[in-house]
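Beneath this line is the structure, given in structure tokens, with notes to follow.
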Amino acid sequence: MNDLLKIENLYINFRTLWGVAKVLNGINLTIKEGEIFGLVGETGCGKSVTASTILRLLPSNAEVSGKVLFKGENLLEKSEEEMRKIRGKEISIIFQDPMTSLNPLFKIRDQMVDVITLHNNLSKEEAEKRAKDLLEKVGLPDPERVLNSYPHELSGGMRQRVMIAMALSSNPSLLIADEPTTALDVTIQKQILKLILELKETYGFSVLFITHDLGVVAELCDRVGVMYAGNIVEIAPTEELFENPLHPYTQGLLSVVPDPRYKKKLKPLRGSVPSLLNPPTGCRFHPRCDYAGDLCKKEKPELIEYSPDHFVACHLYGGNSE
Ligand SMILES: Nc1ncnc2c1ncn2[C@@H]1O[C@H](COP(=O)(O)OP(=O)(O)O)[C@@H](O)[C@H]1O
Ligand code: SF4
Ligand SMILES: [Mg+2]
């Protein structure tokens, strides 16, 4: 499979009143064509900032360095005008709470027609027909009723389906889903995950699926990147990650997954997530790690391919600083 998105050595700092928050600390990851890549980590580790960087939607207090290559071109070097053509067309995003993206004052019909005509050269009537098709494709059997509704007249699950329909209206090659099911109850969550999987099979786009929930990752993703305090600490195919977690942080995360298969010999996490204003030196996980040695406090471990397609950033597995 070819690479669709390649993030190289991406650093993001935010200037704040309290100092500089070192939020992304040189991350590297690749999303291949047609795959679902899960980005998993606790709240505050930098998942949404990664998504905002890809779409170039960072606030003005952000300092950025590194590369975000999409189809081989560095998005960080694009003009705002060029980005507007990529955003919502080549790369779409859906969020946890569709109410933040839907305008409460307008019917779904107006909002969908707006989005569809923005990215496609269609008349209003053609756009409406397209909207109906899309709503049916995302499993809303009475599209006319949905089009006539205001956002608050729909359930949370229906609103998320509408958002997915809008995100797909331009036939994107990358769909970023930032915790899209976190606000939904478990049954609806499963339906939405199934829908994303089916649509991906039909349309062949890639998905960057952001979540703090390893259970969701296990159900949906082809490969997973584990994030900790602004670093990607491990990347592996999903099954491999669950069966053979290498990084002490991944092992800690998996120790709390309620599945007896994954509990073998895994130590639970202790301590808490560090402040990114003053992150730990070297390996940012060292204050919480039972294996931390002197080198861990001094040098940041680089992400290395420890075994085929299984990457880890931890001095226990070597790396270029040893
Ligand atoms: N505009 C901003 N200014 C300063 N700090 C920010 C800003 N946006 C995000 N952060 C900080 O960046 C870190 C990562 O945030 P985020 O990517 O939203 O985490 P999550 O993994 O939960 O999505 C957090 O510590 C957050 O406080
Ligand atoms: S680099 Fe050191 S501190 Fe970091 S996870 Fe590995 S052993 Fe632990
Ligand atoms: Mg987030």
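The values are calculated or read from the model by the stated rules, or taken from the named source; none is laboratory data. Predicted, not measured: the structure shown is a model, and the values here were computed from it. Every residue, glycine as well, gets a Cβ built from its backbone with ideal geometry; the counts of neighbours run over all protein chains shown.
What residue, among those in the range 181-201 that are part of a helix (DSSP H, G or I) and charged (D, E, K, R), is surrounded by the fewest Cβ atoms within 10 Å (Cβ to Cβ)?
At the first step, the residues of the range 181-201 found to be part of a helix (DSSP H, G or I) are 186-201.
Checking the rest, the ones that are also charged (D, E, K, R) come to 190, 194, 198, 200-201.
Values: Lys190: 14, Lys194: 13, Glu198: 13, Lys200: 19, Glu201: 9.
Looking at residues that are part of a helix (DSSP H, G or I) and charged (D, E, K, R), I get Glu201.
Checking the conditions here, which among Phe209, Phe205 is within 16 Å of ligand 1 (Cβ to nearest atom) and under 23 Å from Ser101 (Cα atoms)?
Values: Phe205 fails: within 16 Å of ligand 1 (Cβ to nearest atom).
Only one candidate passes the filter, namely Phe209.
Going by the structure shown, is Leu24 modelled with pLDDT of 95 or more, away from ligand 3 (no atom under 15 Å from the Cβ) and in a strand (DSSP E or B)? Please lay out each step first, then the result.
Values: modelled with pLDDT of 95 or more: yes; away from ligand 3 (no atom under 15 Å from the Cβ): no; in a strand (DSSP E or B): yes.
So Leu24 fails the test.
Given the structure, is Ser123 of a type in the set (S, T, N, Q), out of contact with any strand residue (DSSP E or B) (no Cβ under 6 Å at 6 or more places or on another chain) and more than 28 Å from Val20 (Cα to Cα)?
Numbers: of a type in the set (S, T, N, Q): yes; out of contact with any strand residue (DSSP E or B) (no Cβ under 6 Å at 6 or more places or on another chain): yes; more than 28 Å from Val20 (Cα to Cα): yes.
The answer is yes for Ser123.
Checking Glu305 against (1) free of Cβ contacts under 8 Å to residues at least 40 places away in the same chain; (2) within 18 Å of Val40 (Cα to Cα), which test does it fail?
Evaluating Glu305 over (1) free of Cβ contacts under 8 Å to residues at least 40 places away in the same chain; (2) within 18 Å of Val40 (Cα to Cα) leaves (2) as the failure.
Determine whether Leu147 is over 18 Å from Thr202 (Cβ atoms) and not assigned by TED's automatic domain parsing to the domain that holds Val49.
On the way: over 18 Å from Thr202 (Cβ atoms): yes; not assigned by TED's automatic domain parsing to the domain that holds Val49: yes.
In short, yes.
Take Val233 and tell me if it is at pLDDT below 90 and either farther than 17 Å from Ala292 by Cα or touching a Phe, Trp or Tyr at 6+ places or on another chain (Cβ under 7 Å) (or both).
Values: at pLDDT below 90: no; either farther than 17 Å from Ala292 by Cα or touching a Phe, Trp or Tyr at 6+ places or on another chain (Cβ under 7 Å) (or both): yes.
When the stated conditions are applied, Val233 does not pass them.
Test each condition in (1) within 16 Å of ligand 1 (Cβ to nearest atom); (2) polar (S, T, N, Q); (3) surrounded by 15 or more Cβ atoms within 10 Å (Cβ to Cβ); (4) at pLDDT below 95 for Thr43 and report the one that comes out false.
For Thr43, the exception is condition (3).
Do we have Ser65 as under 17 Å from the mean Cα position of the chain (by Cα) and touching a residue at least 40 places away in the same chain (Cβ under 8 Å) here? It would help to see each step written out before you state the result.
Details: under 17 Å from the mean Cα position of the chain (by Cα): no; touching a residue at least 40 places away in the same chain (Cβ under 8 Å): yes.
No; evaluated as a whole, the condition is false for this residue.
Quick one: in the range 269-322, of everything that is of a type in the set (Phe, Trp, Tyr) and surrounded by 15 or more Cβ atoms within 10 Å (Cβ to Cβ), which residue is nearest to Asn25 (Cα to Cα)? Reasoning before the result, please.
Within the range 269-322, the first condition is being of a type in the set (Phe, Trp, Tyr), and the residues that meet it are 285, 291, 306, 311, 317.
Those left that are additionally surrounded by 15 or more Cβ atoms within 10 Å (Cβ to Cβ): 285, 306, 311, 317.
On the way: Phe285: 13, Tyr306: 21, Phe311: 17, Tyr317: 20 Å.
Filtering first and then ranking leaves Phe285.
Is it the case that the range 131-154 has a residue that's small (Gly, Ala, Ser), more than 24 Å from Ile210 (Cβ to Cβ) and out of contact with any Gly (no Cβ under 7 Å at 6 or more places or on another chain)?
The answer is yes; a qualifying residue exists.
Specify which of the listed residues (Lys190, Lys200) is modelled with pLDDT of 95 or more and not acidic (Asp, Glu). Spell out how you get there, then give the answer.
Numbers: Lys190 fails: modelled with pLDDT of 95 or more.
The match here is Lys200.
For the range 93-143, give me the residue count where each residue is buried (at least 18 other Cβ atoms within 10 Å of the Cβ) and either of a type in the set (A, V, I, L, M, F, W, C) or in the same structural domain as Thr202 (by TED's automatic domain parsing) (or both).
Qualifying residue count, the range 93-143: 15.
If I ask for residues that are of a type outside the set (Val, Ile, Thr), in a strand (DSSP E or B) and closer than 18 Å to Leu5 by Cα, which ones from the range 88-121 would you list?
We begin by selecting, within the range 88-121, every residue of a type outside the set (Val, Ile, Thr); these are 88-90, 92, 95-99, 101-107, 109-112, 114, 118-121.
Filter once more, keeping what is in a strand (DSSP E or B): 92, 95.
Result: Ser92, single match.
Just to be sure, is Arg15 of a type in the set (Lys, Arg), closer than 15 Å to Ile176 by Cβ and more than 7 Å from ligand 1 (Cβ to nearest atom)?
Numbers: of a type in the set (Lys, Arg): yes; closer than 15 Å to Ile176 by Cβ: no; more than 7 Å from ligand 1 (Cβ to nearest atom): yes.
Criteria not met by Arg15.
How many of the residues in the range 38-87 are away from ligand 3 (no atom under 16 Å from the Cβ) and outside any loop (DSSP other than H, G, I, E, B)?
Taking the range 38-87 first, the residues away from ligand 3 (no atom under 16 Å from the Cβ) are 56, 60-61, 63-87.
Next cut, outside any loop (DSSP other than H, G, I, E, B) only: 63-70, 73-77, 80-87.
Residues in the range 38-87 being away from ligand 3 (no atom under 16 Å from the Cβ) and outside any loop (DSSP other than H, G, I, E, B): 21 in total.
Among the candidates Ile31, Ile54, which residue alone is farther than 24 Å from Arg159 by Cα, within 16 Å of ligand 1 (Cβ to nearest atom) and of a type in the set (A, V, I, L, M, F, W, C)? Talk me through it step by step, then tell me what you get.
Working: Ile31 fails: within 16 Å of ligand 1 (Cβ to nearest atom).
Criteria check complete, one pass: Ile54.
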